[in-house]
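This report refers to the structure that appears directly beneath it.
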Amino acid sequence: MNKSSAKEAVINKRYIRLLTGLAALLLLLSVGSVLLLGRSVSLVFHINGPEKVSVGYDSGVAECVSQRISGDTLTLDFRSVSKGYTLVEVSEDGGMTAEARGLYVHSSGIITVDSIFGQCRGDIMFPVSFILMLTLILLVLFKSYRESTRISLCRYSNAWLLGVIIFVLFTLAFQLLSLVKLNMSGGNQSVIALFESTLYSAKLFTTLLMPIAVIISLAISISNLILMKREGICLGNMLGFFLGILLCVGSVAPHVVYPLFDSLGIEVHRSSSLSLLLERCVEDVIAITMAYLECILLGTSISAVRAARHIPKFDKDYILVLGCQITKDGGLTKLLQSRTDRAFKFAEMQKKQTGRDIVFVPSGGKGSDEVIAEGRAIGNYLASIGIPEERILVEDKSVNTNQNMRFSHALISERKADAKIAFSTTNYHVFRAGCIADELGIPMEGIGAGTKSYFWINAFIREFIAALHYNKRNHIQSFILILVCVLPLEVITYLSSI
């Protein structure tokens, strides 16, 4: 682990301890608020008039301490007596029950309305605390993201942090709107309602992104058709189709789980049905997983664009040119030439700005179908456009980006231990190449060369899949966290409805 990574890890642990402590404090305040205020409750009923209104309930469970009528509204104030359940029924003119509400009195004396985990006095602190916690998490994520991007624009953690920021920001906005709506209606939000609204925000997120997912899928499909027409049909050129299908199906899936279960004859209509619990778990896990994937895709896209558009500081001693396939006669393909020309242009810009020359490091070994090493081919091209031999340091052993970085850095370190290094590659490859350098502990800034638009989209998808693979540990941990959070919430919601 390099120094910057170690520093970042320490900062993250500090933030985690801070958030854990604040979460515990907010939870204690919320529970304390319920314990202090929750032994009484007010029920509001709508009536036609004050004449001949009768109220029925079990006085051994709860006691009505006051009764107020204002226009067509009847307000009953209850306090807990002993553990149990009572149905509060309001009748008019001695007729049938006009309206009824259930009261659950817990062993602690807390009264909840309509369900075991229903509304109670003081429970407003739960959504308020949740919003405060989301705000603090968002601030920590923003700070971590800024610190991470200061170290390097190209880090897998940047894409992950940005994706999580997008989702937390959406969830926070949704909770704020829910709280405002709740206050305007004069009601309280039960803990269960808080759970359900949090889970619903993931489904809402995928629903709102559905039109964008369809548009992206169409754009990807069109670019894939053009790509396959010009470059040939192969699995790599069809990745866009697969991602497009995943985005569309994943966005629709949470909304078809219930009718699918119903059509298969699985009982999902009774609130106490275990099949309904299973259906809700499947629905919410799909929704949150898709929301997570879409956020990571957005985060990766933004990170990749930022990295591709970035211009390194004009203080570099060396610039790598990352190799790729060369022509049969040992010349440069258009893709590889664009990388080399981009490095040459940067060298000219630096010379003009600072008067400082830069040494080129063509990097790439010889493939089984290549006549010479890619690094040699790049070096020959640089010499042909006037770069002197002493400013060309060829690395001709590497067979992938990881080795490009390691082998080239080893050559540079032999000449100058603290050299400032840039690298040139195709725009869609800058982010992943920079991430590899960062993981190796090699400080580098990348610069991107342009490529054909129809190729860029599919190439980026390959880079996105590669980024998911390289950062799979974080994503697996995030998925496990989703399960750990969602499944208990669904079980509690289910138990409250029995």
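The values are calculated or read from the model by the stated rules, or taken from the named source; none is laboratory data. Everything numeric in this text was worked out from a predicted model, so none of it was measured. Here the Cβ is made from the backbone with ideal geometry for all residues, glycine too, and neighbour counts use every protein chain on show. For accessibility, only protein heavy atoms count, side chains too; no ligands or nucleic acids. Shrake-Rupley method; radii C 1.70, N 1.55, O 1.52, S 1.80 Å.
So, in segment 343-373, exactly how many residues are open to solvent by less than 50 Å² (accessible area, probe 1.4 Å) and of a type in the set (D, E, K, R)?
Of the residues in that region, 1 qualify.
Output the residue which, of all residues in segment 151-163 that are part of a helix (DSSP H, G or I) and either open to solvent by 30 Å² or more (accessible area, probe 1.4 Å) or among the polar types (S, T, N, Q) (or both), is farthest from F479 (Cα to Cα).
I151
What number of residues within segment 288-334 are farther than 15 Å from I378 by Cβ and outside any helix (DSSP H, G or I)?
Initial filter on segment 288-334 (farther than 15 Å from I378 by Cβ): 288-317, 328.
Imposing the further condition that a residue be outside any helix (DSSP H, G or I) reduces the set to 310-317, 328.
Summing the residues that are farther than 15 Å from I378 by Cβ and outside any helix (DSSP H, G or I) in segment 288-334 gives 9.
Select from segment 330-363 the residues that are of a type in the set (V, I, T) and without any contact (Cβ under 8 Å) to a residue 24 or more places away in the chain and list them in ascending order. Give the derivation first.
Quick first cut of segment 330-363, residues of a type in the set (V, I, T) only: 333, 340, 354, 358-359, 361.
Answer for segment 330-363, where residues must be of a type in the set (V, I, T) and without any contact (Cβ under 8 Å) to a residue 24 or more places away in the chain: just T333.
Among the residues in segment 398-415, are any surrounded by 24 or more Cβ atoms within 10 Å (Cβ to Cβ) and in a strand (DSSP E or B)? So that I can check it myself, show each step before the final result.
Start the filter on segment 398-415 by keeping residues that are surrounded by 24 or more Cβ atoms within 10 Å (Cβ to Cβ), which leaves 404-405, 408.
Applying the additional criterion that residues be in a strand (DSSP E or B) yields none.
No, segment 398-415 contains no residue that is surrounded by 24 or more Cβ atoms within 10 Å (Cβ to Cβ) and in a strand (DSSP E or B).
Looking at (1) within 49 Å of the chain's Cα centre (by Cα); (2) of a type in the set (S, T, Y); (3) at pLDDT 90 or above; (4) surrounded by fewer than 13 Cβ atoms within 10 Å (Cβ to Cβ), which is the one condition that is false for S66?
(1)
With respect to L481, determine if the residue is more than 25 Å from H310 (Cα to Cα), assigned to a helix (DSSP H, G or I) and open to solvent by 60 Å² or more (accessible area, probe 1.4 Å).
Taking the combined requirement at face value, the residue satisfies it.
Mind counting the residues in segment 33-59 that are at pLDDT 85 or above, out of contact with any strand residue (DSSP E or B) (no Cβ under 6 Å at 6 or more places or on another chain) and open to solvent by 40 Å² or more (accessible area, probe 1.4 Å)? Explain how you work it out, then say what you get.
In the first step, residues of segment 33-59 are kept if they are at pLDDT 85 or above; the result is 33-45, 55-59.
The next check asks that each one be out of contact with any strand residue (DSSP E or B) (no Cβ under 6 Å at 6 or more places or on another chain); those that pass are 33-38, 59.
Going one step further and asking which of them are open to solvent by 40 Å² or more (accessible area, probe 1.4 Å), we end up with 35-37, 59.
Going through segment 33-59 one residue at a time, the tally reaches 4.
Which one is farthest from L153 (Cα to Cα) among residues in segment 413-425 that are out of contact with any helix residue (DSSP H, G or I) (no Cβ under 6 Å at 6 or more places or on another chain) and touching a residue at least 12 places away in the same chain (Cβ under 8 Å)?
Filtering first and then ranking leaves R415.
Return the pairs, sorted by first residue and then second, in which the second residue is open to solvent by less than 50 Å² (accessible area, probe 1.4 Å) and charged (D, E, K, R), the first residue lies in segment 463-474 and is in contact (Cβ under 8 Å) with a residue 60 or more places away in the chain, the beta carbons are less than 8 Å apart, and the residues are 6+ apart or on different chains.
E463/R432; A467/R432; Y470/R432
Suppose the filter is over 20 Å from Y318 (Cα atoms) and aliphatic (A, V, I, L, M); does L411 pass it?
When the stated conditions are applied, L411 does not pass them.
Applying the selection to segment 121-140, what residues are open to solvent by 20 Å² or more (accessible area, probe 1.4 Å), in contact (Cβ under 8 Å) with a residue 24 or more places away in the chain and not β-branched (V, I, T)?
Answer for segment 121-140, where residues must be open to solvent by 20 Å² or more (accessible area, probe 1.4 Å), in contact (Cβ under 8 Å) with a residue 24 or more places away in the chain and not β-branched (V, I, T): R121, M125, F126, F130, L132, M133, L136.
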